[in-house]
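The values are calculated or read from the model by the stated rules, or taken from the named source; none is laboratory data. Fair warning: this is a prediction, and the values are worked out from it, not measured in the lab. Cβ: placed from backbone, ideal geometry, glycine included. Neighbour counts: every protein chain shown.
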Amino acid sequence: MIQVEQLTKRYAGFTAIKDLSFEVRKGEIVGFLGPNGAGKSTTMRILTGYMPPTSGRVSIAGFDIFEQSVEARRHIGYLPESTPLYHDMRVNEYLRYRAALKGVESANIRERVGDVLEMCSLQEKERALIATLSKGQRQRVGLADALVHDPDLLILDEPTIGLDPNQIRQVRELIKNLAHRRTVLISTHILPEVEMMCSRVIVIHKGRIRAADTAENLLRNHRAAGAISLELLNPPDSVREALTKLSGVKDVTEEPTENGKRFHLRTDADAHPAEDILRMAWEKHWALVELNRRKPTMEDVFVDLTQGE
């Protein structure tokens, strides 16, 4: 559905993305991840034809996004990070206008608008001025706009940014329901949702792809950091330094507790320092109250892939 080959975008004195190559197959839900400034939005704007690349090629459903722009865009529903809406229009009026712009036949516009209003749970707001809607409702109008011409590819750039937890849940459920019949490329910072929703993950950092695989494989194969926490009563000042020197420990942070301190250790996924911690606590007579380990998460993988160079 999406084929990207050696995509590069340069500005004056700055390269936003360099030599990106990846594929999104029909029916996939792919998470496109990266820290702020990594090049995600630049890539999505190029994929949707809003911005030309410096070099490289993009095809959508077999059509070159620039040489066959009209044909390619018929397959794309795009929700940008900042949803552009006409706030002085009513919801149904705006969607009819957008459907006409996107080439929906006049005889089918009323039916298509009715379908997307229902899909996005906007029936009760169809005659409301967009300016009067909440941010979550406006986001659903943006999704309805992206869907009104019935595309088979959805490109969603940070669709839940700025929403409260209830609104995030509503938009997430909507996207999951929409994905049954469509290919979806979604940029998001909410990593647990990536694990729940996406069949594959692409991680970009400083304009380059750092990883592209299923979340399960990234967790299994990448040397992501796990975490160990331990609480000590009245620990000596030397504890943090001693823990940092243990094999497989990446860094140690600490926080005060009511009667002592809790230490948090980031470790390699295949490191097992718990036994060494217990031995050290016994030898140094530390008053160990609690010792816990958790498995690495997508957040750990993301941090490892996108920190430093």
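Considering (1) surrounded by 22 or more Cβ atoms within 10 Å (Cβ to Cβ); (2) over 26 Å from Val303 (Cα atoms), the lone condition that Leu33 does not fulfil carries the number (2).
Could you tell me how many of the residues in segment 91-132 are of a type outside the set (S, T, N, Q) and in contact with a helix residue (DSSP H, G or I) (Cβ under 7 Å, 6 or more places away or on another chain)? Count: 21. Looking at segment 231-274 only, could you name the residues that are among the charged types (D, E, K, R) and at pLDDT 90 or above? Matches in segment 231-274: Glu231, Asp237, Arg240, Glu241, Lys245, Glu254, Glu255, Lys261, Arg262.
Selection of segment 32-65 for residues being in contact (Cβ under 8 Å) with a residue 40 or more places away in the chain and either closer than 15 Å to Met1 by Cα or of a type in the set (Phe, Trp, Tyr) (or both) yields Phe32, Met44, Leu47, Thr48, Arg57, Val58, Ser59, Ile60, Ala61. Restricting attention to segment 143-154, does a residue exist that is more than 23 Å from the chain's Cα centre (by Cα), on the phi < 0 side of the Ramachandran plot, in the same structural domain as Cys198 (by TED's automatic domain parsing) and not aliphatic (A, V, I, L, M)? The answer is yes; a qualifying residue exists. Here segment 180-208 is the region considered, the condition is being assigned to a strand (DSSP E or B) and hydroxyl-bearing (Ser, Thr, Tyr), and the residue that is nearest to Ser134 (Cα to Cα) is Ser187.
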